[in-house]
1. So which residues in the stretch 83-116 are assigned to a strand (DSSP E or B), surrounded by 16 or more Cβ atoms within 10 Å (Cβ to Cβ) and among the hydroxyl-bearing types (Ser, Thr, Tyr)?
2. At least 1 residues that are surrounded by 15 or more Cβ atoms within 10 Å (Cβ to Cβ) and modelled with pLDDT of 95 or more in each: list the strands (runs of 3 or more DSSP E) lying fully within the stretch 1-41 that qualify.
3. Please tell me if Gly60 is within 13 Å of the chain's Cα centre (by Cα), among the small types (Gly, Ala, Ser) and surrounded by fewer than 18 Cβ atoms within 10 Å (Cβ to Cβ).
4. Identify, by number, the condition in (1) surrounded by fewer than 16 Cβ atoms within 10 Å (Cβ to Cβ); (2) touching a residue at least 60 places away in the same chain (Cβ under 8 Å) that Leu119 doesn't meet.
5. May I ask you to say which residue of Leu62, Leu55, Leu9, Leu18 is within 16 Å of Ala129 (Cβ to Cβ) and among the aliphatic types (A, V, I, L, M)?
6. Give me the residue from the stretch 130-145 that is closer than 22 Å to Ser5 by Cβ and out of contact with any strand residue (DSSP E or B) (no Cβ under 8 Å at 6 or more places or on another chain) and, out of that set, surrounded by the fewest Cβ atoms within 10 Å (Cβ to Cβ).
Amino acid sequence: MKSVSCGVLVFDPAGNLLLGHANESRYWDIPKGGREMQEQGACNAARETFEECGLRLSPGQLREIGLFNYRKDKVLRLFAVLVVPFDAKRCVCSSFYTDRQGRQRPEMNGFRWASPEELPLLCARSLVAVLTQAISLTAIHTQLLYEVGPVDAVPELRNAPSV
């Protein structure tokens with residue numbers, strides 16, 4: 001049985017997506033991750049976005065996009081939100097893992113806004129396939145812009161451990 005990873009497409013009003021640079025990887029990624037216990041999809045996605053980017057979103061602010069084949073062993077359940085513009089460099093990752101040398105490292109070590117055209121140059125092939133072939137980022141952004149409007153989700157400033 002495939003595992004489910006819940007992720008959020010965080011759009012700015014110009015249609016750019018918030019990406020985090022996955023530590024020890026050449027790829028940039030959207031905030032996403034697996035469920036904890038019986039956690040519901042939107043709750044999972046909101047928690048991952050807070051842990052990986054510092055954005056505090058309520059599950060009710062997320063619009064569900066759908067479930068997509070992502071990798072052989074994983075499906076991706078996507079949600080989307082439009083946020084008031086902010087400087088991506090203010091994002092802070094509070095989710096850590098232990099690297100091969102036994103050091104605690106943040107899952108994400110950099111943040112940026114990227115246009116849909118930049119995604120194939122920045123993201124892993126499996127994510128690009130979902131974002132450019134399985135869905136229409138333009139249609140999702142337009143719907144959020146005109147039907148929902150932006151939410152204020154400026155990253156919470158916290159003291160992040162230095163790495």
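The values are calculated or read from the model by the stated rules, or taken from the named source; none is laboratory data. Bear in mind that the values here come from a model prediction, so they are computed numbers and not experimental data. Quick reminder, even Gly has a Cβ in these numbers, built from the backbone with ideal geometry, and neighbours come from all protein chains shown.
1. None; the set is empty.
2. 3-11, 17-22
3. No.
4. So Leu119 meets the others, but not (1).
5. When all the criteria are applied, what remains is Leu9.
6. Looking at residues that are closer than 22 Å to Ser5 by Cβ and out of contact with any strand residue (DSSP E or B) (no Cβ under 8 Å at 6 or more places or on another chain), I get Gln133.
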